[in-house]
Structure formats: C-alpha cells, structure tokens
1. Taking a quarter of the surface of the convex hull around the Cα atoms of the chain, what do you get in nm²?
2. Assuming 0.36 nm per residue, please report the length gained on full extension of the stretch residue 47 to residue 87 beyond their Cα-Cα distance.
3. For the chain, give me the percentage of DSSP beta bridges that are antiparallel, rounded to the nearest 5 percent.
4. Grab the Cα-Cα distance for residue 11 and residue 36, subtract it from 0.36 nm times how many residues apart they are, and report the gain in nm with one decimal.
5. Angle, helix 53-67 long axis vs. longest principal axis of the chain, Cα atoms, 0 to 90°, nearest 10?
C-alpha cells in the first residue's frame with residue numbers, strides 16, 4: 001500500500017462504493033430508491049481488513065444518503081454493527097437487519 005489516503009469512489013454502474021487498494025477493491029453494495037437507499041453488502045479483501053476501509057465505506061454511504069435527503073435501510077451485517085457504534089446516523093436509518101436475522105425498524109423521531 002502507498003502513503004496516499006484511500007478514497008471512496010461511487011461506481012454507479014455497479015451500484016456500489018469502492019476503495020481501490022493495491023490492485024484489489026473493497027466495496028459496499030447499495031440500491032437507490034426514490035426516498036431511501038438500501039445498503040446490502042460490504043466486502044474488504046482479507047489482506048486489508050482491520051485498516052478501517054469498511055468504516056470508510058459505511059461513513060461515506062451514510063453521509064451521501066444524508067446529503068441527498070434519503071433515509072437508509074441497512075441489510076449488511078457489517079454496516080448494522082457499525083451503525084450500532086455510530087449513533088450520529090440514527091436519524092436517517094429507518095430499518096436494519098439484526099444479528100439474529102430479524103428487522104429493527106427505526107422510524108425517525110422527527111419528520112424529515
């Protein structure tokens with residue numbers, strides 16, 4: 001890996017955010033709908049796990065949703081765990097899959 005800070009790229013044609021690292025790609029799949037976005041799957045190559053790339057992807061996706069005025073449904077287990085530690089996004093998350101496979105619906109506390 002070089003000294004450059006990795007950047008997240010929106011690969012709309014693939015419906016995912018990506019970070020290219022050393023010839024490999026970490027990514028977070030999404031599906032945009034009119035009023036919400038579904039975050040479905042995160043994958044980070046084994047060699048690059050533990051370096052914060054998954055967190056960078058999650059934060060970027062949630063920041064983009066907030067900027068575009070969309071709410072978020074989280075299906076990805078990694079992002080579900082991540083948002084459990086980052087409550088600054090609670091206001092835009094309307095549902096997420098729980099560890100046991102259930103659905104935790106989180107209607108916003110205030111109208112958007």
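Just so it is clear, none of the values below were taken in a lab; they were calculated from the coordinates. All of these numbers come straight from a predicted model, not from anything done at the bench.
1. Working: hull surface 30.1 nm².
Convex hull of Cα atoms, orientation-averaged projection: 7.5 nm².
2. Details: separation 40, 0.36 × 40 = 14.40 nm, distance 2.88 nm.
Additional length available on full extension: 11.5 nm.
3. Looking only at bridges with both residues in the chain, the antiparallel portion is about 70 percent.
4. Values: separation 25, 0.36 × 25 = 9.00 nm, distance 1.79 nm.
Roughly 7.2 nm would be gained on extension.
5. Helix 53-67 sits at roughly 40 degrees to that axis.
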